[in-house]
Amino acid sequence: MAHRVRRRGRPRGLLGQVEGRTGADVLAWLSTTPRTWRKNITHVAIDMAATYRAAIRTGLPDAIVVVDHFHVVQLANINAVHGQAPHHRRDPRPTRTGQLPGLEGQTTSPPQREDLTDEQFARMWNPLLDEGQIGQTLLTAWIAKESLRNLLALASTGADRHQVGHARRKFLTWCADSDIPEVVRLAVTVVRWWSEIAVFLDTGHSNAKSEGINRAIKLVARNAFGFRNAEDLRLRTRSVTTRRARGHLRTAQL
């Protein structure tokens, strides 16, 4: 588990790497850092993990938790849209995840409206309508996902509270009226995490670089076919994620 925290007036990078994914692991790592350093942390961006949120609220009571928008959209793709996709197919042969009618071979996840030409959109939309209730269910889930994306996109527009409130009500109303369990659960999750999502809309803070670091860590371990020595893994990870550290790191420094 890699940790990356936003700090006032200091460069950002990989701060630490510990084994485990529990709240206790997060608190144990935080306990090794200086108290004055922890007090200067203003925001912590995470995915939608209640365990991490609870740990941050305990270990960093003055920090504000932010939910990264990527994970919110990912939840919509997986739970709402992918949850319906298997049911619309008559052909039992497996396909790439998230393929929709008319777009086979072009996407591995539910498409975003702005990425589709009018012709591509029609090739997706019309066949689903022809499928009857099953196709309409899938389209309803897709529209819910797009409505959520439109809400999150307000983070880069300087929208005021009334615009955000209107977009939020539009999304929640659509989900409530859908009568689709997966879509309703998506709306419930957004409501439960709304305070953290609202911080993202206000600040635009993201954990994208942390996700990039985590991906690099996984690639390092995969390329090495696994590490038996955790110290070697930490050394190699720091080397590939910190340009200034390359060439002169020692295990004792980590």
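The values are calculated or read from the model by the stated rules, or taken from the named source; none is laboratory data. Just so we're clear, the structure is a prediction, and the values are computed from it rather than from any experiment. Glycine gets a Cβ as well: all are built from the backbone with ideal geometry, and neighbour counts include every protein chain shown. All accessible areas refer to the heavy atoms of the entire protein, side chains included, with ligands and DNA or RNA removed. Shrake-Rupley method; radii C 1.70, N 1.55, O 1.52, S 1.80 Å.
Sort out which residues of segment 113-148 are acidic (Asp, Glu) and either under 15 Å from residue 77 (Cβ atoms) or modelled with pLDDT of 85 or more (or both), and write them in order of number.
Hits for segment 113-148 are 115, 118, 119, 146.
Among the residues of segment 106-157, count how many are in contact (Cβ under 8 Å) with a residue 40 or more places away in the chain and open to solvent by 20 Å² or more (accessible area, probe 1.4 Å).
Of the residues in segment 106-157, 8 are in contact (Cβ under 8 Å) with a residue 40 or more places away in the chain and open to solvent by 20 Å² or more (accessible area, probe 1.4 Å).
Can you find even one residue in segment 205-212 that is at pLDDT below 95, more than 18 Å from residue 153 (Cα to Cα) and among the hydrophobic types (A, V, I, L, M, F, W, C)? Walk me through it before giving the result.
Residues of segment 205-212 at pLDDT below 95: 205-212.
Narrowing further to those that are more than 18 Å from residue 153 (Cα to Cα): 209-212.
Next, only the ones that are among the hydrophobic types (A, V, I, L, M, F, W, C) stay: none.
Within segment 205-212, none of the residues are at pLDDT below 95, more than 18 Å from residue 153 (Cα to Cα) and among the hydrophobic types (A, V, I, L, M, F, W, C).
What residue, of 27, 15, is at pLDDT 85 or above and surrounded by 14 or more Cβ atoms within 10 Å (Cβ to Cβ)?
The unique qualifying residue is 27.
Are there any pairs, at least 6 apart or on different chains, whose C-beta atoms fall under 7 Å, with the first in segment 234-249 and part of a helix (DSSP H, G or I) and the second at pLDDT 55 or above and among the basic types (Lys, Arg), and if so, which?
Filtered contacts from segment 234-249: 245/238.
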